Amino acid sequence: MRELARIGEPVGALVRKPDAVVPGAEPVVGDLNDPAGVPFEGVTGVFLLSGYADMPGLLARARAAGVERVVLLSGGSAALADLDNAVSRYMTLSERPCGSPVWRGRPCGRGRSCRTRCGGCRSCGRAGGGEVRVQYPDVPAACVDPGDIAAVAVRALRGGHEGRIYD
């Protein structure tokens, strides 16, 4: 949102409460779990997280209102298509109705959660050198900085990446 505003793009942020304040964006009242009430008119691009109750209805409503680009932030679990796993299930089901106009980003391991587990380390640059405790310490995984995810999403929202999936 901040990056879009910085480059001069108009930004709206969907909020549930009419008195919400969103720095750098115009608050727009709606609920993504109720697609019929989302005011998509005049919107050209939408950034979504996975897991809304009626993703097919939400995407159909967006397309009917003229939304040209949808960026869906999912995760690596979507590729597994394991409907018995709760995380994989909601990501997989969120991606199924997407179709080709939707860009799907699947970062594995978001950096902010990695950085908040400790007092700092060389890789994230925070001071403090705290201890990091993880559930599977022998599984190699690289964290992706949320700022990098945002930068890629902005590029996708501006066009040229429709129908692609980036892991």
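Read-outs throughout are calculated quantities, based only on the coordinates presented, and are distinct from any laboratory measurement. Everything numeric here is computed off the predicted structure, so don't read it as measured data. Cβ: placed from backbone, ideal geometry, glycine included. Neighbour counts: every protein chain shown.
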Using a simple spin-label model with points 7 Å from Cα along the Cα→Cβ vector, what separation in nm is obtained for D19 and R63?
-> 4.0 nm
Net charge contributed by nearby residues that have their C-beta within less than 15 Å of A20 (K/R +1, D/E -1) | -1
Computed E for N33/L83 - FRET, C-beta separation, R0 22 angstrom, nearest 0.05 | 0.60
Multiply the residue separation of D138 and R158 by 0.36 nm, subtract the distance between their alpha-carbon atoms, and state the gained length in nm to one decimal.
-> 3.3 nm
